[in-house]
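So the structure is just underneath, and the comments pick up after that.
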Amino acid sequence: MGGIDLANGVVGAVLGMLVAVLFQDPIQNRWYRLRTRSKSAVRNLRRREESSPAWRTFSLGPLHTSALIVEGDGESPIPAQAVYIQVLDQGIELPSDMAGWWAEIEEESERLRAEGRTPLWNGPRYAVETLDVSRTALEEQPEVHLRLRPTDYYTFLAAQQLDRRLPDGTTPRPSPARRGS
């Protein structure tokens, strides 16, 4: 019985060595890849949790915006303390040639209301006067500077009529010559 046990032990050892020599590298490589993938998957989950607020719109006082500012490749969030918002006191005024368009929109809304239909909504909004994206001096982290003016939705609708003719025959759309200046 001792000889058979010895033979079984030798055969088992030889087979074990053969399997180890033949399969050790592929098994170790797969194990290493599995570990690194799981680590990076956990890291990515943490990053997504940390960066998810970057994809939320922001509110300003009582107004909730639908604006989303993405800088660069959109992978790194812009920290809230790097977004500077200045709301100016003076509201938007349409040019005199376009002021009548605001009144037309208001009349249309009243007509819809009189007919029992849903009128056009008019409420407070902010108009973006300027939007500047820059970088900090030393760390080169993104900074956003927004300058806003109070307005209303009818003013927004009137200002969007860029192809409508003004009394002098031009349109509010900037000509290519004016865009470059």
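The values are calculated or read from the model by the stated rules, or taken from the named source; none is laboratory data. Every value quoted in this text rests on a predicted model; they were computed, and no experiment measured them. Please note: Cβ atoms are built from the backbone with ideal geometry, for glycine as well, and neighbour counts cover all protein chains shown. The area values use the complete protein model at the heavy-atom level, side chains included, leaving out ligands, DNA and RNA. Shrake-Rupley method; radii C 1.70, N 1.55, O 1.52, S 1.80 Å.
At-a-glance table
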quantity: Given (1) open to solvent by 60 Å² or more (accessible area, probe 1.4 Å); (2) in contact (Cβ under 8 Å) with a residue 40 or more places away in the chain; (3) more than 30 Å from GLN81 (Cα to Cα), number of the condition GLN141 does not satisfy; calculated: (3)
quantity: Qualifying residue in the stretch 145-165 (condition: in contact (Cβ under 8 Å) with a residue 40 or more places away in the chain, under 30 Å from the mean Cα position of the chain (by Cα) and open to solvent by 60 Å² or more (accessible area, probe 1.4 Å)); calculated: yes
quantity: Only one of GLU93, GLU140, GLU106, GLU110 that is out of contact with any Lys or Arg (no Cβ under 9 Å at 6 or more places or on another chain) and on the phi > 0 side of the Ramachandran plot; calculated: GLU140
quantity: Selection status of THR118, over 26 Å from the mean Cα position of the chain (by Cα) and exposed (fewer than 13 other Cβ atoms within 10 Å of the Cβ); calculated: yes
quantity: Any hit, the stretch 3-16, residues being under 15 Å from the mean Cα position of the chain (by Cα), more than 30 Å from ALA127 (Cα to Cα) and at pLDDT below 85; calculated: no
quantity: Residue match in the stretch 121-138 (condition: over 29 Å from PRO79 (Cα atoms), out of contact with any Leu (no Cβ under 6 Å at 6 or more places or on another chain) and among the small types (Gly, Ala, Ser)); calculated: yes
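For (1) modelled with pLDDT of 80 or more; (2) open to solvent by less than 50 Å² (accessible area, probe 1.4 Å); (3) aromatic (Phe, Trp, Tyr), each residue gets a yes or a no:
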| position | (1), (2), (3) |
| --- | --- |
| GLN24 | no, no, no |
| PRO62 | no, no, no |
| VAL70 | no, no, no |
| SER76 | no, no, no |
| LEU94 | yes, yes, no |
| MET98 | yes, yes, no |
| ALA114 | yes, no, no |
